[in-house]
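Asker: Once you've had a glance at the structure underneath, I'll fire off some questions.
The values are calculated or read from the model by the stated rules, or taken from the named source; none is laboratory data. Nothing here was measured: the structure is a model prediction, and the numbers come from that model. Cβ: placed from backbone, ideal geometry, glycine included. Neighbour counts: every protein chain shown. Side chains are part of the model used for accessible areas, which takes the heavy atoms of the whole protein and leaves out ligands, DNA and RNA. Shrake-Rupley method; radii C 1.70, N 1.55, O 1.52, S 1.80 Å.
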Amino acid sequence: MAIPAHYIQELLQRNNVYDVISSHVHLKRHGRIYKGLCPFHSEKTPSFTVYPDTQSYYCFGCGAGGDIISFTKEINGLTYVEAVKALAQQSGMPLPDEDDKLSRLKSRIYEMNKLAARYFHANLNSEKGKNARIYLRQRQLSDKTIVNFGIGYATDDWQGLCSHLKLKGYTEEEMVSAYLAARSSKGNVYDIFRDRIIFPIIDLRGNVIAFGGRRMGDEGGPKYLNSGDTPVFKKSNGLFAMNIAKKSGKDTFILAEGYMDVISLHQAGFNNALATLGTALTSQQAKLIADYAKNVVIAYDSDEAGQKATRRAMDIFSKEDVSVNVLQMDGAKDPDEYIKKFGRDKFEMLIEKANSALDFEILKLRRQCDIKDTQGRIDYLTKVCDILAKIPSPILQDVYCSRLANETGADKSSIKLQLEQSKNKLYRSNNAKRSRELLKEGIAGSIKVDYRQQGNTLPKVFAQQQIISALIRDNELFTQVDSQLTEDDFTDANMKNAFVEYKKLKADGQEVSYALLCHYLEQEARQILAKINADNADIIITAGDLQMHINNLKSAPKGQNEIKNTSKEDLAKWVESLKEKKK
């Protein structure tokens, strides 16, 4: 990495960890720290913690940790250098003179995609695009809609786009990297999209990042052909028309299955509609939606596959702070067909009457069980109570118990008794799951030990981590460590590298912070140090404590075979016992 330390130092001084992270995460102050819901995994109880004193963050739920550069990198899907450049632009710093190949390739792909989108749109308006225009007219799309979405047409030429991009100065390797071209067994490149209606996919910054292609007839390969993952695009992260929906000003989004559904909805005035990109909904996409909307109406196809996808989407949204309703489209298989058959106003009424996710689940069970039959009624009530047990609101539970009593003729008190049994069953299941998770926790879970090295014991690794943590928090302790230890005393590879880089920075006259040291460490080391900083947040490591860790590093009393059986609590007691012996 060629970016000099003084540049990173200034970057860190100009960008505060709270300011950077709070623009993506709602943070609340808890004394000297801040907490919020982790943006990297689904959770309902905040475990994501920001530490202003070390300019770091750590999630006790998923283990994500780092500094402002690593946060900017992960939250935006950037390379390290791109994250540095993004922070530099935000703070008014000149960009570093870093010749980064991946960054340059990304820029080239963005440019190629823009040219390709214009090329496809021009094709649509050419003589070769006549049949494509007829197809779009048959789908009742207006000229305005076609222009707004940048819809185009890929001709049936095998090298039409490739030839166009070559004339613009792009190489075959770049076209293949952008998923605009593929290479044959003979080594020749050819257009991936041929004889298809083309839908450009645009990100939140207005960049064309990929394409979706739909065939017009019954032959010619799969119905939809979508771009594969590239340096600027991951299908699991993006959403079609999200760039428009986020500007709608509405707190409810309509989630449809395909491009045509979304485009028809927008043409009918529902500019808050969006869709996944040829894949089932992912947790990353759900998080993105949750950043902009409080409610989601799922408007998937009414066939079996669509209903299965609906249930999966409901499960994913249940982990986000999003209210979910499900559309029931009787008389049409999808939103596009429904609007054409019944009109915009009836579709809007359909949205207003959409079932809640809970009603959708109960209705599904109702269709599966014959409540006229005694056993069918028992199965139905038992399964619904299992669903109600997961609802935190006692009032809502009571309302549904009353509904079930009216629907089945069962006594409400009996239903509530069954509900309590379901809640107890859920409680035991959650406790068992939590117990299994706790077995994985503790200091041993976060320490990477190379068991091939003799003497690389748990206390030694713990001591090394504590030493580096102490040095980060108080640079004045460096003389004490440097006079007694060399890099050869560090048996853990990550901590050894951290010590080596720390010494180099001190020799260069730098004040070494966690964030600056991170610039020179691998991802694993950065995360380990983030956890150590988090664990030590309320602990002051004195010179005496540091000396204890130095002594222990040189002669650890615990053996290798004790590692797996040592809990974090027992290790803490062991450390305290050593302190007592020192007195």
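Asker: Looking at the stretch 314-351 only, could you name the residues that are part of a loop (DSSP other than H, G, I, E, B) and open to solvent by less than 80 Å² (accessible area, probe 1.4 Å)?
Answerer: S318, E320, V322, L327, Q328, M329, G331, A332, D334, G343
Asker: Kindly provide the set of residues from the stretch 384-421 that are open to solvent by less than 90 Å² (accessible area, probe 1.4 Å) and under 21 Å from M314 (Cα atoms), ordered by number.
Answerer: V384, C385, D386, I387, L388, A389, I391, S393, L396, Q397, Y400
Asker: Restricted to the stretch 352-383, and to residues that are part of a loop (DSSP other than H, G, I, E, B) and closer than 21 Å to S318 by Cα, which residue is least open to solvent (accessible area, probe 1.4 Å)? Write out each step before concluding.
Answerer: Residues of the stretch 352-383 that are part of a loop (DSSP other than H, G, I, E, B), as a first pass: 353-354, 369-373.
So of that shortlist, the ones also closer than 21 Å to S318 by Cα come out as 353-354.
Numbers: K353: 149, A354: 17 Å².
Across the stretch 352-383, the extreme among qualifying residues is A354.
Asker: Does E82 satisfy being outside any strand (DSSP E or B), among the acidic types (D, E), within 30 Å of E174 (Cβ to Cβ) and modelled with pLDDT of 90 or more?
Answerer: For E82, the condition - outside any strand (DSSP E or B), among the acidic types (D, E), within 30 Å of E174 (Cβ to Cβ) and modelled with pLDDT of 90 or more - is not met.
Asker: Can you name the condition, by its number, that E74 falls short on among (1) farther than 14 Å from Q527 by Cβ; (2) in contact with a Pro (Cβ under 9 Å, 6 or more places away or on another chain)?
Answerer: (1)
Asker: Here's another thing I want to ask about it. Considering only the stretch 114-136, I want to know if a residue exists there that is within 28 Å of the chain's Cα centre (by Cα), open to solvent by 20 Å² or more (accessible area, probe 1.4 Å) and closer than 24 Å to A241 by Cα. Spell out the reasoning first.
Answerer: Step one: filter the stretch 114-136 for residues within 28 Å of the chain's Cα centre (by Cα), giving 114, 117.
With the extra rule that they be open to solvent by 20 Å² or more (accessible area, probe 1.4 Å), the set shrinks to 114.
Then keep just the ones that are closer than 24 Å to A241 by Cα; that gives 114.
Yes - at least one qualifying residue is present in the stretch 114-136.
Asker: Can you name the number of the only condition in (1) more than 18 Å from D482 (Cβ to Cβ); (2) touching a residue at least 12 places away in the same chain (Cβ under 8 Å) that I540 fails?
Answerer: (2)
Asker: What number of residues within the stretch 34-71 satisfy the criterion of being touching a Pro at 6+ places or on another chain (Cβ under 6 Å) and of a type in the set (D, E, K, R)?
Answerer: Looking only at that region, the number is 1.
Asker: Name every residue in the stretch 17-29 that is open to solvent by 30 Å² or more (accessible area, probe 1.4 Å) and either under 18 Å from the mean Cα position of the chain (by Cα) or at pLDDT below 90 (or both), in order of residue number.
Answerer: Those that are open to solvent by 30 Å² or more (accessible area, probe 1.4 Å) and either under 18 Å from the mean Cα position of the chain (by Cα) or at pLDDT below 90 (or both): S22, S23, H24, H26.
Asker: Looking at the stretch 52-77, I want the residues that are without any contact (Cβ under 8 Å) to a residue 60 or more places away in the chain and have a partner that is in a strand (DSSP E or B) and open to solvent by 10 Å² or more (accessible area, probe 1.4 Å) with Cβ atoms under 8 Å, at least 6 apart or on another chain. Which pairs are those?
Answerer: If the second residue must be in a strand (DSSP E or B) and open to solvent by 10 Å² or more (accessible area, probe 1.4 Å), the pairs left are P52/I33; P52/Y34.
Asker: Name the single residue, out of those in the stretch 493-531 being open to solvent by less than 30 Å² (accessible area, probe 1.4 Å) and among the hydroxyl-bearing types (S, T, Y), that is farthest from T479 (Cα to Cα).
Answerer: So the residue we want is Y514.
Asker: Within the stretch 69-113, track down each residue that is within 26 Å of K287 (Cβ to Cβ), more than 22 Å from the chain's Cα centre (by Cα) and aliphatic (A, V, I, L, M).
Answerer: Answer for the stretch 69-113, where residues must be within 26 Å of K287 (Cβ to Cβ), more than 22 Å from the chain's Cα centre (by Cα) and aliphatic (A, V, I, L, M): just I109.
Asker: When both residues are 6+ apart or on different chains and their Cβ atoms are under 6 Å apart, which pairs have a first residue that lies in the stretch 544-556 and is modelled with pLDDT of 85 or more, and a second that is part of a loop (DSSP other than H, G, I, E, B) and surrounded by fewer than 18 Cβ atoms within 10 Å (Cβ to Cβ)?
Answerer: Within 6 Å, the pairs are I550/Q484.
Asker: Output the number of residues of the stretch 33-51 satisfying the condition of being within 21 Å of I472 (Cβ to Cβ) and in contact (Cβ under 8 Å) with a residue 40 or more places away in the chain.
Answerer: Count: 3.
Asker: What is the number of the single condition among (1) over 16 Å from the mean Cα position of the chain (by Cα); (2) assigned to a helix (DSSP H, G or I) that K35 does not meet?
Answerer: Answer for K35: the failing condition is (2).
Asker: Name every residue in the stretch 175-190 that is of a type outside the set (A, V, I, L, M, F, W, C) and either surrounded by 16 or more Cβ atoms within 10 Å (Cβ to Cβ) or not in a loop (DSSP other than H, G, I, E, B) (or both), in order of residue number.
Answerer: Narrowing the stretch 175-190 to residues of a type outside the set (A, V, I, L, M, F, W, C): 177, 179, 183-188, 190.
Passing the criteria: S177, Y179, R183, Y190.
Asker: Answer yes or no: is there a residue in the stretch 61-68 that is acidic (D, E), in a helix (DSSP H, G or I) and either closer than 30 Å to K35 by Cα or over 23 Å from the mean Cα position of the chain (by Cα) (or both).
Answerer: Scanning the stretch 61-68, I find no residue that is acidic (D, E), in a helix (DSSP H, G or I) and either closer than 30 Å to K35 by Cα or over 23 Å from the mean Cα position of the chain (by Cα) (or both), so the answer is no.
Asker: I'd like to check something: does the stretch 463-481 contain any residue that is open to solvent by 50 Å² or more (accessible area, probe 1.4 Å), over 32 Å from the mean Cα position of the chain (by Cα) and of a type in the set (S, T, Y)? Outline the logic, then answer.
Answerer: Taking the stretch 463-481 and keeping what is open to solvent by 50 Å² or more (accessible area, probe 1.4 Å), we get 473-474, 476, 479.
Going one step further and asking which of them are over 32 Å from the mean Cα position of the chain (by Cα), we end up with 474, 476, 479.
Now drop any that are not of a type in the set (S, T, Y), which leaves 479.
Yes - at least one qualifying residue is present in the stretch 463-481.
Asker: Go through the stretch 443-461 and count every residue that is open to solvent by less than 30 Å² (accessible area, probe 1.4 Å) and either at pLDDT 90 or above or under 32 Å from the mean Cα position of the chain (by Cα) (or both).
Answerer: Total meeting the criteria: 5.
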